[in-house]
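Beneath this line is the structure, given in structure tokens, with notes to follow.
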């Protein structure tokens, strides 16, 4: 019996040799995508995502703003996001492009971000190169949205602040890519005016506003079709709310743990690089500091993970271990209703309680209340007289 929130079950007597499984437990696989620096980490992500690909999206690792909207486009093209410097094609990235057997390379940003030497190097390797850039990040975002709609029908969009919404953009990158939503950038001065025609022409029916009113104003929110705000008090809580909104299933294939960029915004580059892989696996990215935010912990406590993947290192290790601990389980044995009630109160997420009454029967009504994903196995010889209510 699966319950996302509170479970209230009142039993007059337990069922014969039956069990109540709120959420089953299973083994957790650990993976690490950590290279010697961000370029190598992006290569490892690409290797995990694709055995081959005709397309690659290339971004400057120090110019996140230009690449904020790239993840949905990259996913639609079946392309990994690889990194390089502004004036030189990184050797590891070049080698990965060859391994993939890529033919078409999409450069995100102008020549100040990825200069002509990189373009010429790629062309010299026999590759087709297309540069995607506007006069600013907003125009680049619009161009990417139009390219996405040429591949996929667009009915929903995600909106983030184009100046200070870097963390919000990478939080929503994977679900946006998974759900074919372009990420459009709100200008603190002009809002989303640059996207008005696109939204009308594509008959967009839903907009997810990521971040609080200090990031995207209420006026912008009201101008959008059927807008829904997804936000928290900071980047980590907003990230938790994104996971809560777009990943409603209890069981998750994977969880990608990345640094939250609170110490250095450029640390968000790992989150950008892993966005396509996360979207392919329909799995969230959790942005972490040294430890989990309370809301992140609350949300992740309700999830069962097949795999947990650490992406990049040097700052997310403690939070990674904290998430692992949330998936661990303890088995309790209870023989009385009083013991059962006490164990439910002290149990952690994913724990198991085996309740076998001393006399093999229970003749008193009792209540089990929890908002934690635990398993309760009830064994006994008794009458059936029970009901359940979800709250």
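Every read-out reported here was derived from the displayed coordinates using simple, explicitly stated rules and does not represent laboratory data. As the structure is a computational prediction, the values presented were derived from the model and not from experiment. Note: ideal-geometry Cβ built from the backbone for every residue, glycine included; neighbour counts use all protein chains shown.
The figures follow:
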| item | result |
| --- | --- |
| DSSP-defined beta bridges in the chain - what % are antiparallel, rounded to 5 | 20 percent |
| Using alpha-carbon coordinates, inclination of helix 317-327 to the longest axis of the chain, degrees | 40 degrees |
| Most to least packed among 28-39, 61-72, 139-150 [average Cβ atoms within 10 Å] | 61-72, 139-150, 28-39 |
| Gyration tensor (alpha-carbon) shape descriptor, the stretch 312-375, a/c threshold 1.5 | prolate |
| Simple label model, 7 Å out from Cα along Cβ direction - residue 151 to residue 226, nm | 2.4 nm |
| Distance between modelled label sites at residue 164 and residue 360, nm, 7 Å Cα→Cβ extension | 6.8 nm |
| Mean ellipticity per residue at 222 nm, deg cm²/dmol - from DSSP H runs of n ≥ 4 across the chain, formula -39500 (n - 2.57) | -10000 deg cm²/dmol |
| Helix axis angle, 38-49 relative to the chain longest principal axis, alpha carbon, degrees | 60 degrees |
| Relative exposure of 181, 368, judged by other C-beta atoms within 10 Å (fewest first) | 368, 181 |
| Counting DSSP beta bridges with both ends in the stretch 235-380, the antiparallel % (nearest 5) | 0 percent |
| Theoretical gain in end-to-end length, residue 196 to residue 336 [0.36 nm per residue, Cα-Cα removed] | 44.0 nm |
| Shape category assigned to the chain from the gyration tensor of Cα positions, a/c cut at 1.5 | prolate |
| Förster-model FRET efficiency, 41 Å R0, residue 29 and residue 120, C-beta, rounded to 0.05 | 0.45 |
| The stretch 29-327: relative contact order in percent, alpha carbon pairs under 8 Å with at least 6 residues between | 20 percent |
| Gain in span if fully extended, residue 345 to residue 112, counting 0.36 nm per residue against the direct Cα distance | 78.0 nm |
| In degrees, nearest ten, helix 269-280 long axis to first principal axis of the chain (Cα) | 60 degrees |
